[in-house]
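Visitor: Handing you a structure now.
The values are calculated or read from the model by the stated rules, or taken from the named source; none is laboratory data. Treat the numbers as computed from the prediction; the structure is a model and nothing was measured. Neighbour counts are summed over all protein chains in view; Cβ atoms, including those assigned to glycine, are modelled from backbone coordinates with ideal geometry. Accessible surface is based on the protein model in full, side chains and every heavy atom, while ligands, DNA and RNA are left aside. Shrake-Rupley method; radii C 1.70, N 1.55, O 1.52, S 1.80 Å.
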Amino acid sequence: MTPEEEVYEVADKLVRKLRRAGVVVHRKNSKSTNTVYLKLDEGMAFGVRISDHEDAVHRPYLFNIITTGFKEKARWNGITHRFYFKPDGLYRCINKILKTRQSRMKNMGLARYKALIDIRKRQSQSHKAGGE
């Protein structure tokens, strides 16, 4: 399996599992690298970066799955922890995503969480309609 195929296979599996759990998932495949970006619940449940190489500083995704030569870890960036998983840690990653999502829902209330998703969805649609 090529590095690109492995990244896409992990992304496909993650998208299926998260959607089954009720998460709204938007997927974007990078045109220049073997990287897939997932936006969860319009960004309310953060995002996931799946790649065959370490992340760039300008793309601080909370959840990261690195398919080649990377150790699982949590890294503090001065504001929050960023979590790194290997493909065989996919279920640990899913569990962490769902726990983080549940915690946000509990802290802000389900109605507010859903309202903010709707607002972000409308903003995204408006931005796309504006000529992007």
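Visitor: For a test of the definition: using alpha carbon positions, the gyration tensor, and the 1.5 limit on a/c, classify region 22-81 as rounded, prolate or oblate.
Guide: On the way: a/c = 1.73, a/b = 1.12, b/c = 1.55.
Judged from the Cα gyration tensor, region 22-81 comes out oblate (a/c at least 1.5, b/c at or above a/b).
Visitor: A further question follows. Please compute the contact order of region 1-95 in relative form: average sequence separation of alpha-carbon pairs under 8 Å and at least six residues apart, divided by the residue count, as a percent. Spell out each step's value before the answer.
Guide: On the way: 156 pairs, mean separation 19.4, N = 95.
After rounding, I find 20 percent.
Visitor: For the chain, what % of the accessible area comes from carbon and sulfur atoms, probe 1.4 Å? Write out the running numbers ahead of the final one.
Guide: On the way: 4150 of 8120 Å².
After summing per-atom areas, the C and S share lands at 51 percent.
Visitor: What distance in nm separates the two pseudo spin-label positions at residue 81 and residue 6, each 7 Å out from Cα along the beta-carbon direction?
Guide: The answer from the label model is 2.5 nm.
Visitor: Enter the accessible area per residue of the chain (Å², integer; probe 1.4 Å; all protein chains in place).
Guide: 62
Visitor: Taking 0.36 nm per residue of separation and subtracting the Cα-Cα distance, what length does fully extending residue 31 through residue 99 add?
Guide: Computed gain between residue 31 and residue 99 is 21.4 nm.
Visitor: Follow-up question, since we're still on this one. Restricting the count to DSSP beta bridges whose residues both fall in the chain, what percent are antiparallel, rounded to a multiple of 5? Working shown, then result.
Guide: Working: 14 of 21 bridges.
Roughly 65 percent of the beta bridges in the chain run antiparallel, per DSSP.
Visitor: Which of the three applies to region 24-132, rounded, prolate or oblate, going by the alpha-carbon gyration tensor with a ≥ b ≥ c and a/c under 1.5 meaning rounded? Display every interim value, and only then the final one.
Guide: On the way: a/c = 2.12, a/b = 1.28, b/c = 1.65.
In terms of gyration-tensor shape, oblate.
Visitor: Rounded to the nearest Å, what's the spacing between the alpha carbon centres of region 61-91 and region 13-60? Just the number, please.
Guide: For region 61-91 versus region 13-60, the Cα centre distance is 12 Å.
Visitor: Take every DSSP beta bridge with both residues inside region 24-100 and express the antiparallel ones as a percent of the total, to the nearest 5.
Guide: Working: 14 of 21 bridges.
So the antiparallel bridges amount to about 65 percent of the total.
Visitor: In nm, to one decimal, how far is the residue 71 label point from the residue 122 one, both placed 7 Å along Cα→Cβ?
Guide: 4.8
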